[in-house]
């Protein structure tokens, strides 16, 4: 079974056949997953893609959501919050 067959089978099981991504969307989602996995940590990749999917399910545009997620990788990480003793 290849990825296309798997996604079609999963979509049928979940009742989401109308939401199957086209080739461009697949490429964008896989690129995002890879970028986050390498730029943050591995487990963050698929979980970030999940959150993009939730946003799209709530009405966000897929391209805009993936671009927003990718843009976060270019921003500096926030400084850690100080602990109660004032140390980081």
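Do we have any residue at all in region 42-52 that's surrounded by fewer than 12 Cβ atoms within 10 Å (Cβ to Cβ), out of contact with any helix residue (DSSP H, G or I) (no Cβ under 9 Å at 6 or more places or on another chain) and at positive phi?
No: region 42-52 contains no residue that is surrounded by fewer than 12 Cβ atoms within 10 Å (Cβ to Cβ), out of contact with any helix residue (DSSP H, G or I) (no Cβ under 9 Å at 6 or more places or on another chain) and at positive phi.
Residue check: is residue 37 touching a residue at least 12 places away in the same chain (Cβ under 8 Å), touching a helix residue (DSSP H, G or I) at 6+ places or on another chain (Cβ under 7 Å), assigned to a helix (DSSP H, G or I) and surrounded by 12 or more Cβ atoms within 10 Å (Cβ to Cβ)? So that I can check it myself, show each step before the final result.
Details: touching a residue at least 12 places away in the same chain (Cβ under 8 Å): no; touching a helix residue (DSSP H, G or I) at 6+ places or on another chain (Cβ under 7 Å): yes; assigned to a helix (DSSP H, G or I): yes; surrounded by 12 or more Cβ atoms within 10 Å (Cβ to Cβ): yes.
In short, no.
Every residue in region 1-34 that is outside any helix (DSSP H, G or I) and either over 17 Å from the mean Cα position of the chain (by Cα) or exposed (fewer than 13 other Cβ atoms within 10 Å of the Cβ) (or both), please. Talk me through it step by step, then tell me what you get.
Initial filter on region 1-34 (outside any helix (DSSP H, G or I)): 1-2, 15-16, 20-22.
Residues satisfying the conditions are 1, 2, 15, 16, 22.
All of the numbers you see were taken from the coordinates with simple rules; none came from a lab. Worth saying up front: this structure is predicted, and the values here are computed from it rather than measured. FYI the Cβ positions are ideal-geometry reconstructions off the backbone, even for glycines, and counts take in every protein chain you see.
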